[in-house]
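Peer 1: I am attaching a structure below and will ask some questions about it afterwards.
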Amino acid sequence: MRSSLVSSSRRAASQMCASCQREAKNSLRSRAAFSSLSVTPRERSQTSMSGSTSRISLLQPRQQRWSSSSSSSSSSSSSSSSSPSEPTAASKDGSKKTKTPPFYALFPQTLPLGPPPSGPFHIPLRTLRNEFLKLQALSHPDFAHSSASASAKSAATTNSAIINTAYKTLSNPLLRAQYLLHELYDVDLAGDEAGTHAEPDPELLMTVLESREIIEEADTEQDLEELREENERRIEEAERGLEEAFKVEDVERAKEEAVRLRYWMNIREGVDNWERGKGVVLQH
């Protein structure tokens, strides 16, 4: 009888211990997605896809701040009101923030080293897309169970939108550069204050105007081939410049290269959307 009681007690203690361990592991997974850069690359890469929902829900407030800063100049006030669980935003003096940008935390398999300077600016797009599709499969509202509550379906819709924004941002080198400057150094090159951070040099503006004339005066698409090839070389050069600048945390050069890349990307768009006799507006 006594041995039976002892055996039952041991089984109960073993079950409680396992339960505690599961709870602790789940808690650690939730924290790992937005832990500081002191977390090792191995630990980040081992975060399972099952923790994607907690990662997404934790980044929602910061994702909203990034989205709003891209369309208005109110980013400075919103970034200064960080939640208590996040570090205070860095002042606009070039000092670096200490948290992993949330979009990078969403893709630990593709970006195990995190953002620059610990990780590269360049991102393997095929690998990023594969991880993006896996996240969408877990979070897309179309895959929600028919018996799911309205709040669960609403959360799935929100999570899916965040994943889409993160993928769109990281897969585009210009948006990625603007995002890193904003998240790491509090520099807004996407909003209305962009002109206060970096202004294009006269030589750059002259090149842009000449490109505009070539596009407007072209009679056939073949007339734009030389400009297209030259502009693609400029884009590659700007991306290399951003890689080097972020690697050594040269914020001023990163801003200059981002401004250049914005013009080259606009020229690419003008060439791709060319129509005979149609005016060209190269936004900047």
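The values are calculated or read from the model by the stated rules, or taken from the named source; none is laboratory data. Being a predicted model, the structure only gives us computed values, none of them experimental. Methodologically, a virtual Cβ is constructed for each residue, glycine included, from the backbone with ideal geometry; neighbour enumeration extends over all protein chains shown. To get the accessible areas, we keep the full protein, side chains included, count just its heavy atoms, and leave off ligands, DNA and RNA. Shrake-Rupley method; radii C 1.70, N 1.55, O 1.52, S 1.80 Å.
Peer 1: If I model a spin label as a point 7 Å beyond the Cα along the Cα-Cβ vector, how far apart are those points for residue 220 and residue 118 in nm?
Peer 2: In this crude label model, residue 220 to residue 118 measures out at 5.4 nm.
Peer 1: Would you check the accessible area of residue 240, probe 1.4 Å, heavy atoms only, in square angstrom rounded to 10?
Peer 2: That residue has around 140 Å² of solvent-accessible surface.
Peer 1: Report the GluC sites (Glu not before Pro) located in the range 202-256 that are in a DSSP loop and have at most 10 other Cβ atoms inside 10 Å of their Cβ, or state none. Could the numbers behind the result be given before it?
Peer 2: Working: sites: 203, 210, 213, 216, 217, 221, 225, 226, 229, 230, 232, 236, 237, 239, 243, 244, 249, 252, 256; in loops: 249.
Passing sites in the range 202-256 do not exist.
Peer 1: Run the numbers for residue 142 and residue 157: contour at 0.36 nm per residue of separation, minus the present Cα-Cα distance, in nm.
Peer 2: Values: separation 15, 0.36 × 15 = 5.40 nm, distance 0.88 nm.
Full extension from residue 142 to residue 157 adds 4.5 nm.
Peer 1: Express in Å², to the nearest 10, the accessible area of residue 128 obtained by rolling a 1.4 Å probe over the protein heavy atoms while all chains stay in place.
Peer 2: My reading of the accessible area for residue 128 is about 0 Å².
Peer 1: Taking 0.36 nm per residue of sequence separation and subtracting the Cα-Cα distance, how much length would be gained by fully extending the chain between residue 243 and residue 269, in nm to one decimal?
Peer 2: 7.1 nm is the gain from fully extending residue 243 to residue 269.
Peer 1: Now for a separate question. Expected output is a single nm value to one decimal: the length gained when fully extending between residue 252 and residue 206, i.e. 0.36 nm times separation in residues minus the C-alpha distance. What is it?
Peer 2: Numbers: separation 46, 0.36 × 46 = 16.56 nm, distance 2.18 nm.
Computed gain between residue 252 and residue 206 is 14.4 nm.
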